[in-house]
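Okay, structure first, notes after.
What follows is calculated from the coordinates using simple rules that are stated; it is not laboratory data. Small disclaimer: the values here were computed from a predicted structure and weren't measured. Cβ placement follows ideal geometry from the backbone for every residue including glycine, while neighbour counts extend to all protein chains displayed.
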Amino acid sequence: MTAVAVVGSQWGDEGKGKNTDFLSKDASFAVRSNGGNNAGHTIDIDGQEFKMRLIPSGIFAAGKGAVIGNGVVINPEVMFGELANLEKSGIDTSKLRISNRAHIILPYHILQDKYQEEAKGDKKIGTTQNGIGPCYMDKASRIGIRVCDLLEKDTFEEKLRANLKVKNELFTKVYGKPALKFEDIFDQYYEYGQKMKKYVTDTSVLINDALDHNEKVLFEGAQGTMLDIDEGTYPYVTSSNTISGGICSGIGMGANRLNTVIGVCKAYTTRVGEGPFPTELLDEVGDRIRETAHEYGTVTGRPRRVGWFDSVALRHAKRVSGINGLSLNLLDVFSGFDTIKIATAYELDGKKIDYYPASLKELYRCKPVYEELPAWNEDITQVKNYEDLPENAKKFLHRVSELVGVPLVTVSVGPDREQTIVLKNPWEL
Ligand code: GDP
Ligand code: IMO
Ligand code: MG
């Protein structure tokens, strides 16, 4: 298969970065097609840790390059900071390619994100405050500034002046905040555009050509299914489509080009920010998982909320993204636990249900129905083959795969690239 996607199947932070890096070694291109620097993808290579926010995690291994597609929103300052860090570590970044249609995050988007959150008070979404939502709002309102607009001085000037007029009205009159000055933004962002130029191309043409020539392309999802703007726990979601369909619109290719969709999950569940979380653990078991796995946000450092594995959410993810292979990460976390729970269904008002309610009120009333499995004592972080895992670990994996209805392709037993057990080659699914 030549087009493989890696998508989050929970609330993000499932370990997509690790899986993408692992699979990219066989790919010509690695592509990001949604989100922006709200993402934080961790990659561990020989003890060195990289935290990727905008640059595709495949930049380390993909043969021909890493691509930022049209569906991504770009904060140029963050992007150049990330590029500089990679270059300092000796990573070749010359093969980065950026879509001429991607939208730019401007300083007013970041402020708008903060002001909106402040105004919502205890109803806040808990965003990363990186301006992601307001940038997608402007895209949908057709006032967004794209990479190609940034490259044309007169177009950029015209659009920035018009947008600042609207934003300053909003900031001063609705939020009671200071207005922004055109001069404080224009020169700096025009300069960013000029620096960006050498990477800019029509990435839809690049990727479709590669697929036409049977080259392997790895698509790296950001966030997770339950944060998808349509299929997630709305409004406690991000502002893009994180499911596999978002990849096609976010790079500009036909839905029939995607061969394989790998759903990435943890052996448990985490969530950052507000919103419903049926299997959340608010006790010492949750604390133990959080501390064992260092569950603190890559981007904001916030402690991640922790809960048991939720197969209702996973079946929802399987359906909306067409997941046909499962990559389960962080299995090592349960070494030394007595038991592990898996939610097999929800109970809503005394009735067992097997679907993800759209209504938040219903969702808050859902109680998980659990199945309990014994854990294991062995340290599994050095295990290389599935057969060598403890029997109880294999039983847990088997049950997860059975409940989700998808075969396991990889199991991860530690953060390093090498700590990956391959059950099936995702390129051959
Ligand atoms: P992403 O956003 O989906 O790429 O995930 P993050 O990088 O935000 O969070 C996943 C965290 O788990 C990172 O700190 C990874 O280094 C770490 N990780 C990934 N796989 C494993 C694993 O199998 N075991 C352990 N202990 N950590 C892992
Ligand atoms: P990766 O790619 C986990 C969450 C935020 C917040 C909500 C909206 O690393 O898995 P936003 O800033 O996007 O408007 O915030 O979405 N969120 C993530 N949570 N992992 C992510 O990315 C996330 N990106 C956004 O915490 O609840
Ligand atoms: Mg993350």
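Are any residues in the stretch 281-309 away from ligand 1 (no atom under 15 Å from the Cβ) and either closer than 17 Å to Val237 by Cβ or out of contact with any strand residue (DSSP E or B) (no Cβ under 7 Å at 6 or more places or on another chain) (or both), and if so, which ones? If the condition is that a residue be away from ligand 1 (no atom under 15 Å from the Cβ) and either closer than 17 Å to Val237 by Cβ or out of contact with any strand residue (DSSP E or B) (no Cβ under 7 Å at 6 or more places or on another chain) (or both), then Leu282, Asp283, Glu284, Val285, Asp287 are the ones that fit.
Right, Ser89: surrounded by fewer than 24 Cβ atoms within 10 Å (Cβ to Cβ), over 19 Å from Met137 (Cβ atoms) and either within 15 Å of ligand 1 (Cβ to nearest atom) or of a type in the set (Ser, Thr, Tyr) (or both) or not? Before you say what the answer is, go through the steps one by one.
Values: surrounded by fewer than 24 Cβ atoms within 10 Å (Cβ to Cβ): yes; over 19 Å from Met137 (Cβ atoms): yes; either within 15 Å of ligand 1 (Cβ to nearest atom) or of a type in the set (Ser, Thr, Tyr) (or both): yes.
So Ser89 fits the description; yes.
Of all residues in the stretch 159-184, those satisfying the criterion of being within 14 Å of Gln112 (Cβ to Cβ), of a type in the set (A, V, I, L, M) and not in a loop (DSSP other than H, G, I, E, B) are Leu164, Val166, Leu170, Val174. Test Asp379 against the stated conditions and say whether it is away from ligand 3 (no atom under 16 Å from the Cβ), acidic (Asp, Glu), out of contact with any Lys or Arg (no Cβ under 8 Å at 6 or more places or on another chain) and not in a loop (DSSP other than H, G, I, E, B). So Asp379 fails the test.
For every residue, the table says whether it meets (1) within 20 Å of Gly405 (Cα to Cα); (2) without any contact (Cβ under 8 Å) to a residue 12 or more places away in the chain; (3) touching a helix residue (DSSP H, G or I) at 6+ places or on another chain (Cβ under 9 Å).
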position: Asn329; (1), (2), (3): yes, no, yes
position: Ile340; (1), (2), (3): yes, no, yes
position: Lys351; (1), (2), (3): no, yes, no
position: Tyr355; (1), (2), (3): yes, no, yes
position: Lys361; (1), (2), (3): no, yes, no
position: Arg365; (1), (2), (3): no, no, no
position: Tyr370; (1), (2), (3): yes, no, no
position: Asp379; (1), (2), (3): no, no, yes
position: Asp388; (1), (2), (3): no, yes, no
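Gln223 fails exactly one of the following numbered conditions: (1) in contact with a strand residue (DSSP E or B) (Cβ under 7 Å, 6 or more places away or on another chain); (2) farther than 18 Å from Val73 by Cβ. What is the number of that condition? For Gln223, the failing item is (2). For the condition hydroxyl-bearing (Ser, Thr, Tyr) and crowded, with 16+ Cβ neighbours inside 10 Å, Tyr199 qualifies. Scanning the stretch 317-338 for residues that are within 25 Å of Leu363 (Cβ to Cβ) and surrounded by fewer than 20 Cβ atoms within 10 Å (Cβ to Cβ) turns up Arg319, Gly322.
In summary, Phe277 fulfils each of the numbered conditions (1) over 20 Å from the mean Cα position of the chain (by Cα); (2) closer than 26 Å to Ser244 by Cβ with the single exception of condition (1). There is no residue in the stretch 182-195 that is touching a residue at least 40 places away in the same chain (Cβ under 8 Å) and crowded, with 22+ Cβ neighbours inside 10 Å.
Would you say Ile104 is surrounded by 16 or more Cβ atoms within 10 Å (Cβ to Cβ), within 16 Å of ligand 1 (Cβ to nearest atom) and within 22 Å of the chain's Cα centre (by Cα)? Can you show your working first?
Details: surrounded by 16 or more Cβ atoms within 10 Å (Cβ to Cβ): yes; within 16 Å of ligand 1 (Cβ to nearest atom): no; within 22 Å of the chain's Cα centre (by Cα): yes.
No; evaluated as a whole, the condition is false for this residue.
Out of curiosity, is Lys51 away from ligand 2 (no atom under 14 Å from the Cβ), of a type outside the set (A, V, I, L, M, F, W, C) and more than 18 Å from Gly131 (Cα to Cα)?
Numbers: away from ligand 2 (no atom under 14 Å from the Cβ): no; of a type outside the set (A, V, I, L, M, F, W, C): yes; more than 18 Å from Gly131 (Cα to Cα): yes.
When the stated conditions are applied, Lys51 does not pass them.
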